[in-house]
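Notes to accompany the following structure.
Each reported figure results from applying straightforward, stated rules to the coordinates on display, with no laboratory input. These numbers come from a predicted model, not from an experiment. Neighbour counts are summed over all protein chains in view; Cβ atoms, including those assigned to glycine, are modelled from backbone coordinates with ideal geometry.
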Amino acid sequence: MFNRILLATDGSDHSNRAIDQAVKMVEPYKDNVHMDLIYAVDGETSKEDVLKYGDSHIATAKRKEKLLETVDLVKEKGVSSDIIILHGEPEEVLTDYANEHDYDCVVIGSRGRNKLQTLILGSVSHKLLKYIQKPVIVVK
């Protein structure tokens, strides 16, 4: 049984499917489970958000606000959760964070790129599978 789960999210449909699946997976044990929702903000997104909102503190607040809906959804299902926001390249900061903290499992959504896109661009989920040193579940 997984008691501490790290859920990578960015508010996309792919990550929302992963969250839904994780909540279903722990349903029988929900009173004993805690899920941390983690969002990695890369440099480009961070710059765009600051330009959009005019201030880095407001941008951070808006990111948290966006993720609070997901936290509320998870809590409605009876699972406790928190938000963690990191800055940096997602595959690097998520891998480091997951490996440095005591999680039983990491759950991520698959973006669903085609074979050519994955070959050329790689995928965050593939890199996480390769470098995180604990069980990783990729939800399609």
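Pick out, from HIS101, ALA22, ILE84, the residue whose Cα sits farthest towards the positive end of the charge dipole of the chain, with +1 on the Cβ of Lys and Arg and -1 on the Cβ of Asp and Glu.
Of the candidates, ALA22 comes out farthest on the positive side.
Can you list residues from other chains, or at least 5 along the same chain, whose modelled amide H is less than 5 Å from the amide H of VAL107?
Here the answer is LEU6, LEU7, ALA8, ILE137, since their amide H atoms fall under 5 Å of that of VAL107.
Antiparallel as a % of all DSSP beta bridges within the chain, to the nearest 5?
Antiparallel bridges make up about 0 percent of those DSSP assigns within the chain.
What value, in deg cm²/dmol to 500, does the helix sum -39500 (n - 2.57) over DSSP H runs of n ≥ 4 give at 222 nm once divided by the residues of the chain?
That comes out to -16000 deg cm²/dmol.
Please list, in chain and number order, the residues 5+ apart from VAL41 or on another chain whose amide H is under 5 Å from its amide H, with Hs placed from the backbone.
LEU86, HIS87, GLY88
In percent, what relative contact order does the range 4-139 have, based on Cα pairs under 8 Å that are 6 or more apart in sequence?
Averaging sequence separation for qualifying contacts and normalising by length gives 35 percent for the range 4-139.
Kindly work out what percent of the DSSP beta bridges joining two residues of the range 27-105 are antiparallel, to the nearest 5.
Bridges in the range 27-105 that DSSP calls antiparallel: roughly 0 percent.
Residue by residue through the range 51-56, which ³J(HN,Hα) values in whole Hz follow from phi under the Karplus form 6.51 cos²θ - 1.76 cosθ + 1.60 (θ = phi - 60°), with glycine and proline marked x?
3J(HN,Hα) across the range 51-56, in whole Hz: 5, 5, 9, x, 7, 5.
Give the separation of the Cα centroids, the range 80-94 to the range 23-37, in Å.
Answer, in whole Å: 19.
Take the alpha carbon atoms of the chain, find their radius of gyration, then divide it by 2.2 N^0.38 Å using N residues; give the quotient.
That ratio works out to 1.04.
In a GNM of the chain with a 10 Å cut-off on Cα contacts, which of LYS30, LYS66, LYS52 has the highest mean-square fluctuation?
LYS52
Quick one: putting +1 on the C-beta of Lys and Arg, -1 on the C-beta of Asp and Glu, what dipole do you get for the chain around its Cα centre, in Debye to the nearest 20?
In debye, rounded to 20, the chain gives about 520.
Along the principal axes of its C-alpha atoms, what lengths does the range 17-73 span, in descending order and rounded to whole Å?
44, 17, 15
Build a GNM of the chain with springs between Cα atoms under 10 Å: which of HIS14, HIS126, HIS101 gets the top mean-square fluctuation?
Residue with maximal mean-square fluctuation among HIS14, HIS126, HIS101: HIS101.
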